[in-house]
Amino acid sequence: MSRRVVLVLTFVAAPAVAQRLPARIAAAPDGTVRMSFPARPAVCGNGRDIIAFDCSGGKCGRHTIMFDGRFEGDEVEYDCEPGPVRVSLTVRKGAVQSLRTYVGGRWAIPVGPGITDLGMV
């Protein structure tokens, strides 16, 4: 199982909902499938490329994941929003080709052609 899939499953709060997701994703047309769900307590992110654990009062512990770049703990400041967790899947012929996970922020591109939004799951 890939590291990204494990990361997403780490955040899933409701296993029963997760059991229905594969069918909903497989039924979606080719393109982007999006979904959101509440983050676990003490998980936050900047809505783009940082997800942090062990957070309290806007400060995060040593567990920070940075995508597409470097994180120099004392050199970088960022706002840490408590959620939701947002997942963007690229789906072809009912199979997930790639995924990206965010915490915080909002979707920059509205729902339109090629985008299926499953909403809060």
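The values are calculated or read from the model by the stated rules, or taken from the named source; none is laboratory data. Computed from a prediction, not measured in an experiment: that's the story for all the values here. A quick note on method: Cβ atoms are made from the backbone with ideal geometry, for glycine too, and the neighbour counts reach across all protein chains shown.
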Sole residue being within 22 Å of ARG34 (Cβ to Cβ), modelled with pLDDT of 95 or more and exposed (fewer than 12 other Cβ atoms within 10 Å of the Cβ), chosen from ARG106, ARG92: ARG92
Those residues of the stretch 1-42 which are at pLDDT below 85 and within 12 Å of the chain's Cα centre (by Cα) amount to ARG4, VAL5, VAL6, LEU7, VAL8, LEU9, THR10, PHE11, VAL12
Could we say that THR64 is in contact with a strand residue (DSSP E or B) (Cβ under 6 Å, 6 or more places away or on another chain), over 15 Å from VAL121 (Cα atoms) and at pLDDT below 85 here? yes
